[in-house]
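Take a look at the structure set out below.
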Amino acid sequence: MLHFEQMSHSEPKQQGSSGSSEPSEVKTVSVVLPEDPVSTACSSVQRRVKQVLLMTALVNVVSKGGRIFKMRALLDSGSQVNLVSEAAVKLLSLPKYPANVPVIGVGGVRSQIRHHVILKISSDYSGFASVMDCLVVTKVTGKIPSVAVNNSEWKIPPGLVLADPKFNEPKDVDLLIGAELFFQILKQAQLRLSNDLPTMYETQFGWVIAGALDESEGEIVNVLCAVDEDPLLKSIQRFFEQEELPEEKEPSSEEQEIEEHFRETYRRDEEGRFVVQLPFRESIHQLGNSRSLAMKRFLSSEKRLSNKLEMRNMYQDFLQEYIDLGHCHEIREENDLPGQQSYYLPHHAVLKPSSTSTKLRVVFDGKARSDGLSLNEVLMVGPKIQK
C-alpha cells in the first residue's frame, strides 16, 4: 500500500490425505497495484433556469473634479446599505474614509468593509438629486441580468423613457442604492406589459422593468456533477512523503572551505572552551569605515538612556559583565598598525519587561556599514548543521 511496488504472497498447497510430511508445493501469486486508482461519482440533470429582471438605472454621479459620469445602479429595497465598486471610486477620484462595517450577505456570508465614500447623484429625467454614503467593495454583484433577454417582441409604449435602455443586456453594476433612498426614488405609476412579462415601474431616473419572465423563456442548462475521490492509497503515500527527511545536498565550495577553516584554526582554551577565528572572505579588504556610524549610534543610545535610569543601569551591568568575562577589553587606536583592518560593531538595547530571565537584551548590528561592506558581508556562511 505504501510503496506501490510488486508484492507477492505464498499459498501452501493442501496436503494429500496420506498425511505425508514432505514439503508442500509453494505457489507464488504476484499482485500489481493499479498505477492511479480513481473512483468517480457522476450525476447529470437538465433544467430550465427561470429569468428574473432586477431594477437597474443609469445615474449621474459627480466626480471629485466636478465631472458628471453615467453609472449603472441597481435599485434594491432589500439592502440596508449603499455600495459602490472600487473601480467606480477610482474613476471618480473620490477620497475614501476609514470604516469598519460588517456586511452579511446571502447564506450568512460575512465580510468586513474598511472604507466608505460620499456620492452625489442626480437624474436627467426628473431633476432628482441626493447625497448618499456608500461602502466601498471590490465588486457590487455579478452581471445583471445573468443572460441576455430577447425583448424584440415586447410592446413597450412609445414615449416612455427607460432608466436603463440596455436593461436586457448582461452588464456590470457600479453601485447599489439600498432602502435608504429606494422609496424616495420609486414613484407610484406602474404598467404591466402582459401576463407573462415583467412590470414597468416609474422612478426618478425613468421607467425600470422588473419581475419574472415566463419560465418557457428561460435558458436550458445542463448540470453535470463529477467527484474524483482521492484514493486511500495516494493519501497514505503522501503522508509518508511529508515525513521523509530531505535529500542530502552536496556542500558548496564555500561551505567546504569554511569547514576546512574551522579544522585548521580551532583550539580549546584552559577552561575547555572552543576558540575559532572568524572565516573571512577575500572581500575583507572592502570593509568600510564603520567608526563614525558606530560612534553616532553610541551617542544616540547614550542620550536616550540618560532619561531612563533603570535601563541605563542594566546596560552598564551588561557591559561590565562582558569585561569581567573577558569577552571584550579596551583598545587604543593610536596603537593600530598602518593599514590594519578594523570594524566597529554598533550595539543597542532591547527592553522586554515581561521576560522572566533577561529583561534587557543587547543586539549587535553586524549589517551596519557606511562607505564599504559590512562585517556580515565579508564573513563566509557555513552549511546548515541541523537538517
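So here's what we get for this one:
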read-out: Size of charge dipole - region 75-133 - debye, nearest 20, with Cβ of Lys, Arg +1 and Asp, Glu -1, no other charges; value: 240 debye
read-out: Leading residue at positive end of dipole, region 113-205 (Cβ point charges), from Asn151, Leu197, Phe182; value: Phe182
read-out: Fraction of accessible area attributable to carbon and sulfur, region 151-200 (%, probe 1.4 Å); value: 48 percent
read-out: Spatially close lysines, pair count over region 91-170: Cα under 23 Å, gap of eight or more or interchain; value: 6
read-out: Rounded to whole Hz, the Karplus (6.51, -1.76, 1.60) HN-Hα couplings of region 301-309, x for glycine and proline; value: 5, 4, 5, 5, 7, 5, 9, 10, 4
read-out: Global geometry of region 302-387, whether rounded, prolate or oblate, following the gyration tensor of its Cα atoms and the 1.5 cut on a/c; value: oblate
read-out: Highest to lowest packing among 275-284, 288-297, scored as the average C-beta count within 10 Å; value: 288-297, 275-284
read-out: Rough spin-label spacing in nm, given labels placed 7 Å along Cα→Cβ, for Gln237 and Lys139; value: 3.7 nm
read-out: Under 9 Å, Cβ to Cβ, from Lys139 - net charge with Lys/Arg +1 and Asp/Glu -1; value: -2
read-out: Percent antiparallel among DSSP beta bridges (both partners in region 78-159, rounded to 5); value: 75 percent
read-out: Protein-only accessible surface order, largest first, of Arg304, Arg332 at 1.4 Å; value: Arg332, Arg304
read-out: Region 105-192, relative contact order [Cα under 8 Å, separation at least 6], %; value: 23 percent
read-out: Met132, Met314, reordered so the largest accessible area comes first (probe 1.4 Å); value: Met314, Met132
read-out: Probe 1.4 Å, accessible area per residue of region 327-387, Å²; value: 78 Å²
read-out: Cut-off under 5 Å, modelled amide H: who pairs with Leu162 long-range; value: Trp207
read-out: Spatially proximal lysines relative to Lys308 (Cα-Cα < 26 Å; intrachain offsets below 8 disregarded); value: Lys296, Lys352, Lys359
read-out: Solvent-accessible ranking of Cys328, Cys134, largest area first, probe 1.4 Å; value: Cys328, Cys134
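The values are calculated or read from the model by the stated rules, or taken from the named source; none is laboratory data. It should be emphasised that the depicted structure is a prediction, and the values quoted were computed from it without experimental measurement. Heads up, the Cβs are rebuilt from the backbone with ideal geometry, glycines too, and the neighbour counts pull from every protein chain shown. Accessible surface areas use protein heavy atoms only, side chains included; no ligands, DNA or RNA. Shrake-Rupley method; radii C 1.70, N 1.55, O 1.52, S 1.80 Å.
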